[in-house]
Amino acid sequence: MKVEGRFLSVFLPVILFVVLFTTSIFAGENAGVEMFSPQGEVKNVRQVSVRFSEQMVPFGDPRMAEPFDIKCPEKGQARWADSRNWVFDFDKDLPAGIVCEFSLKPQLKTLSGKPVSGQQKFTFSTGGPAIRESFPHQGSENLDEDQIFVLMLDAEPIEESVLSKVSCSIEGINEKVGIRIIKGKEREKILKA
């Protein structure tokens, strides 16, 4: 018993100091954005969601201002889901070719008055057009040298970009084969067939 009592009397102040010291370190940490989604290049975006490290608004107060300046060609509505989580719902699923930038408003502070530091800008893009369907289908082996491909894309492509970046590779030939885009009556005839 004497050993246990002596152990507690010697180490209890040390343990209390460590607990108080680490608590004060974490209490002094800067507030910031813990999670921002989406980021980078993504498809099928309908909502932006953000989680802050600390309470930003009183829970349930819908009148609080938006924390971001938003640069995006698509419209939507912002709301606080709770005191730390903010969401922006787009009016529709975003098509390809959209770039959105969300910048924290200058002088933004938490509910306790701490400035929000760390990353200030968040960006995402829905990327360029993607192939949704093709005819003939990928992996088809019955192709001729003048094969016509019909591609259904998720957005309108820029013709110059397609011509400069798209090519075909043919087994046994080291060079990439260029493409041409069929237009007008010839295109209409192919699509009807």
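The values are calculated or read from the model by the stated rules, or taken from the named source; none is laboratory data. Keep in mind it's a predicted model, so treat the numbers as computed, not measured. Every residue, glycine as well, gets a Cβ built from its backbone with ideal geometry; the counts of neighbours run over all protein chains shown. Quick note on the areas: whole protein, heavy atoms, side chains included, nothing else; ligands and nucleic acids left out. Shrake-Rupley method; radii C 1.70, N 1.55, O 1.52, S 1.80 Å.
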How large is the accessible surface per residue of region 102-175, computed with a 1.4 Å probe and reported in Å² as a whole number?
78 Å²
Unsatisfied cross-links (Cα-Cα over 32 Å) in the set Lys75/Lys109; Lys121/Lys165; Lys165/Lys189; Lys43/Lys176; Lys92/Lys185:
Lys92/Lys185
Debye calculation, C-alpha points only, no solvent: report log10 I(q)/I(0) for region 75-136 at q = 0.14 Å⁻¹, in the same order as the q values.
-0.61
For 132-144, 80-92, ranked highest to lowest by mean beta-carbon neighbours within 10 Å, the order is 80-92, 132-144
In whole percent, the fraction of accessible protein surface over region 29-98 that belongs to carbon or sulfur atoms, probe radius 1.4 Å, stands at 44 percent
With r defined as the distance between the Cβ atoms of Met152 and Lys176 and R0 fixed at 30 Å, what FRET efficiency is calculated, to the nearest 0.05?
0.85
Please give the length that would be gained between Ser112 and Gln47 if that part of the chain were fully extended, namely 0.36 nm times their separation in residues minus their C-alpha to C-alpha distance (nm, one decimal).
20.6 nm
